[in-house]
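As structure tokens, the structure follows; a few thoughts come after it.
The values are calculated or read from the model by the stated rules, or taken from the named source; none is laboratory data. Not measured: the values here are computed from a predicted model. Reconstructed Cβ throughout: ideal geometry from the backbone, glycine too, with neighbour counts over all protein chains shown. Heads up: the accessible areas ignore ligands, DNA and RNA and are worked out on the full protein's heavy atoms, side chains in. Shrake-Rupley method; radii C 1.70, N 1.55, O 1.52, S 1.80 Å.
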Amino acid sequence: MYAVVKIGGKQYRVSEGDQIFIEKIDANPLDVVTFNQVLMVDSKVGSPYIANATVEAKVIKNGKAKKIRVFKYKNKARSNRRTQGHRQPYTKVEITKING
């Protein structure tokens, strides 16, 4: 059994036992969170969401991704080159149950 769920503006195809990285949510490790915006369960498609369908997940950890470098460059002789770093915060969850 699988489901397509909308979390943080993105859509994820999940099944029970999957571990996924999502946008950071306000939850501590070992908390159980419920996602109500389920778009699809197996071959049943909602419009836009399926009524009374939920996906339960256990929070494994909160963290930050690897640092990426962001370069800003203009090709004029007297311009400044700027370098910035960015680490996107995330939450790692394990899907425990799909109700639908």
Exercise for the section: Determine the alpha carbon to alpha carbon distance for each of Lys44/Lys64; Lys10/Lys74; Lys10/Lys44 and list only those over 27 Å. Expected result: Lys44/Lys64; Lys10/Lys74
Handout entry: Accessible area expressed per residue, the chain, with surrounding protein chains retained (probe 1.4 Å, Å²)
Key = 72
Handout entry: Net charge dipole size for the stretch 1-70 [Lys, Arg +1 and Asp, Glu -1 on Cβ; Debye, nearest 20]
Key = 540
Handout entry: Portion, in percent, of the accessible area of the chain that falls on carbon or sulfur, probe 1.4 Å
Key = 47
Practice task
Could you work out the equivalent-ellipsoid semi-axes for the chain, taking the square root of 5 times each eigenvalue of the Cα gyration tensor, largest first, in whole Å?
Solution key: 36, 17, 10
Completion exercise
Among Val45, Val5, Asn62, the residue whose Cα sits farthest towards the positive end of the charge dipole of the stretch 1-76, when +1 is placed on the Cβ of each Lys and Arg and -1 on the Cβ of each Asp and Glu, is Asn62
Handout entry: Estimated vicinal HN-Hα couplings, Hz - the stretch 29-42 in sequence order (Karplus 6.51, -1.76, 1.60; Gly, Pro = x)
Key = x, 6, 6, 9, 10, 10, 10, 9, 8, 9, 8, 7, 10, 6
Exercise for the section: Would you mind putting 91-99, 58-66, 30-38 in packing order, based on average other-beta-carbon counts within 10 Å, highest first? Expected result: 91-99, 30-38, 58-66
Completion exercise
Computed Rg/Rh for the stretch 45-95 (Cα atoms; Rh = Kirkwood radius) stands at 1.34
